[in-house]
Amino acid sequence: MDPKKRVGIEAALRVKDGMVVGLGTGSTTHHFIKSLAERLKEEELEVWGIPTSYQSYFLAVELGIPVTTLDEHRPDLAVDGADEVDPYLNLIKGGGAAHTREKIVDYAAKTFLVIVDESKLVEQLGEFPVPVEVLPGALTMVKERLGSMGGTPRLRMAHMKDGPVISDNNNFILDVQFDNIPHPVLLEKELNNIPGVLENGIFTGEVDEVLIGAVTQVRSLKP
Ligand code: 5RP
């Protein structure tokens, strides 16, 4: 079976009746949300989802998963994908430009479960450029600051639309390449200290478990 599908199905089995669940974004969580919707119907479970993007919101609504917000509920469990996972379970996320809402929902959850295939495991974060969501009026200033921190920022460009990607929050995304990221905990904080940065895609210290999907099995990593 496709590793992303296998791990998505496994994650859906972690959901219990009555739970509020953070619905991550991306192709791996797509399988999770589909599998969760099937369980809801077959087992008549009462579960509410808190989407992390328009993508997961539309999918949940289409599949009949009731949705709620952080104003009303706190997630018991958040299930989300990642672009890189290091041995300390630090992440880079935001390949789908959804990392700001993902971080809000994932960090709010009592349990944060990450689902990936093996291609996402790395020894050190940083081969994948760090997505940084930026207020449009601050773009030039933020690029300068990122450059002085040793990063090479690139404005993410859209497909099927001329010009830059506009995030679900109406902002730009800079993909920032660093030579290496020896201290992700520090970098996560430093990036968010730049005026005009809304949120960056480094996630540290919050993951409770990573499920890693392969063709024939799923294994688990815990801190
Ligand atoms: C979106 C994300 C995704 O979770 C991440 O890009 C992984 O995506 P996929 O499961 O498609 O590989 O952070 O912003």
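Tell me, what is the FRET efficiency for THR140 and MET160 to the nearest 0.05, using R0 = 22 angstrom and their Cβ-Cβ distance as r?
0.25
Could you tally the net charge around SER35, taking each other residue with its Cβ under 13 Å from the Cβ of SER35, Lys/Arg +1 and Asp/Glu -1?
Here the charged neighbours net out to +2.
What does the charge count near LEU121 come to, summing +1 for each Lys or Arg and -1 for each Asp or Glu among other residues with Cβ under 10 Å from its Cβ?
Its environment carries a net charge of -4.
Considering amide H positions built from the backbone, and no H for Pro or chain starts, which residues 5 or more places from LEU198, or on another chain, come under 5 Å of its amide H?
Under 5 Å from the amide H of LEU198 lie the amide H atoms of GLU133, VAL134, LEU135, each far enough along the sequence or on another chain.
Carbon and sulfur atoms: what percent of the 1.4 Å accessible area of segment 1-154 do they account for?
52 percent
Note down the net charge around ILE194, summing +1 for each Lys or Arg and -1 for each Asp or Glu among other residues with Cβ under 14 Å from its Cβ.
Here the count lands on -2.
Quick one: putting +1 on the C-beta of Lys and Arg, -1 on the C-beta of Asp and Glu, what dipole do you get for segment 130-199 around its Cα centre, in Debye to the nearest 20?
140 debye
So what's the back-of-envelope 222 nm ellipticity for the chain, counting only DSSP H runs of four-plus at -39500 (n - 2.57) apiece and dividing by all residues, rounded to 500?
The helix-only estimate for the chain comes to -9000 deg cm²/dmol at 222 nm.
Report the gain in length on full extension from LEU45 to GLU72: 0.36 nm times residue separation, minus Cα-Cα distance, nm rounded to one decimal.
7.8 nm
The values are calculated or read from the model by the stated rules, or taken from the named source; none is laboratory data. Small disclaimer: the values here were computed from a predicted structure and weren't measured. Cβ: placed from backbone, ideal geometry, glycine included. Neighbour counts: every protein chain shown. All accessible areas refer to the heavy atoms of the entire protein, side chains included, with ligands and DNA or RNA removed. Shrake-Rupley method; radii C 1.70, N 1.55, O 1.52, S 1.80 Å.
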